[in-house]
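Single-structure report; data block below.
Quick note: the coordinates plus some simple rules give every number you see, no bench work behind them. Predicted model, so just to flag it, every value in this text is computed and none were measured. Here Cβ is always computed from backbone atoms with ideal geometry, including for glycine, and neighbour counts include all displayed protein chains.
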Amino acid sequence: MLKNMKMKFPALKNIKVVCFDFDGTVADSMTALTEIAIDVLTAAYQIEKDMARKMYIETTGLAFEQQLNLMFPARIENVDIAKKFEELKRKKYLDLKPVTGVIEIFSYLREKKYKTVISSSTYLHLIEAFVKKYGIKSDLLLGYQPHFKKGKDHFQFIQMKFDVLSKHICYIGDSINDYKLAKDSDVPFIAKGGLVDCKEFHKLDPAIPFIDNILELKKFL
């Protein structure tokens, strides 16, 4: 079965670094973050909750500051709204739990001699506190900085850090933007269900490997 999966997805044959998105992939946080986003968006821009939810989910995978600038371009309120979102997010973060199977999959990947990375649009100090609380051991943690963002910046850093090529990195994420960021850097991608279903990913590319449960990574790696 494992051999057949690698034959089916040849881009996953030579992976050396397994890189994870954080929110919704490592941390079971997307329900809480979506609720916070809806609250701040509806308060600031007087839009309906359903529209706020749709706009947030369509842009998720990016830092909230970046999301706001896509949703409401050139609005000066965006800076203060982003700060409010981050304040509310920080208050809830350590009450969140890991996605089911995350601790086991990180242990499995270490045993298989893969390097593991978390690459996120969440601030680094929140990621550090979360992984420390739950004993998640990763070789590298990368969070959001204004001039060092998830995507090209992080992938290039990973390549230098571990002396690998983009084709040696596999990125696992739960959003359409995660897929686009990986594709733009020629990084193999595995989609995790939850926020977006299989059909939505396969509209972009029917060949995207898809998992519903993080432990299904064992089929590929």
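Compute log10 of I(q)/I(0) for region 166-221 with the Debye formula, placing one identical point scatterer on every Cα and leaving out solvent, at q = 0.19, 0.24 Å⁻¹, to two decimals.
The Debye formula, applied to the Cα set alone, gives -0.59, -0.94.
When a footprinting reagent is the concern and you count Cβ atoms within 10 Å, what order do His147, His154 take, fewest first?
His147, His154
For the residue pair Arg75 and Lys54, what label-to-label distance in nm results when each label sits 7 Å from Cα along the Cα-to-beta-carbon direction?
Each label point is offset 7 Å from its Cα along the Cβ direction, giving 1.6 nm.
Using alpha-carbon pairs under 8 Å, 6+ residues apart, how would you state the relative contact order of region 30-93 in percent?
35
Given 0.36 nm per residue, what is the gain on full extension from Leu204 to Lys167 after removing their alpha carbon distance, in nm?
Answer, rounded to one decimal: 11.3 nm.
Report, as a whole number in µm² per second, the diffusion coefficient that Stokes-Einstein gives for region 78-176 at 10 °C and 1.306 mPa s using the Kirkwood radius over alpha carbon pairs.
Answer from the Stokes-Einstein relation: 106 µm²/s.
Give me the net charge of Ser121's neighbourhood, meaning all other residues with Cβ under 12 Å from the Cβ of Ser121; Lys, Arg count +1, Asp, Glu -1.
Surrounding charge for Ser121 is -3.
Suppose only helical runs count, i.e. DSSP H with n ≥ 4. What mean residue ellipticity at 222 nm does that imply for the chain under -39500 (n - 2.57) per run, divided by all residues and rounded to the nearest 500 deg cm²/dmol?
Taking each H run of at least 4 residues, the total per residue is -14500 deg cm²/dmol.
Going down the list Lys16/Lys192; Lys167/Lys218; Lys133/Lys161; Lys16/Lys150; Lys84/Lys113; Lys113/Lys199, which pairs span over 29 Å between their C-alpha atoms?
Those over the limit are Lys84/Lys113; Lys113/Lys199.
May I ask for the angle, rounded to the nearest 10°, between helix 78-93 and the longest principal axis of the chain, with both axes built from Cα atoms and the value confined to 0 to 90°?
Helix 78-93 and the main axis of the chain meet at about 60 degrees.
What do you get for the angle between helix 49-59 and the principal long axis of the chain? Use alpha-carbon atoms, 0 to 90 degrees, nearest ten.
Roughly 40 degrees between the two axes.
Quick one: what does P(r) look like for region 30-93 with 5 Å bins over all Cα pairs, in whole %?
3, 19, 35, 29, 12, 2
Identify all aspartates and glutamates with a Cα-Cα distance to Lys112 below 18 Å; exclude those on the same chain that are fewer than 8 residues away in sequence.
Correct list for Lys112: Glu104, Asp139, Glu216.
If r is the Cβ-Cβ distance from Leu140 to Glu111 and R0 is 25 Å, what FRET efficiency results, to the nearest 0.05?
Between Leu140 and Glu111 the formula returns 0.90.
So for the pair Lys180, Ala43, with labels modelled 7 Å out along Cα→Cβ, what separation do we get in nm?
Taking the two extended label points, one gets 2.8 nm.
Please order Leu165, Leu96, Leu41 by the number of other Cβ within 10 Å, starting at the fewest.
Leu165, Leu96, Leu41
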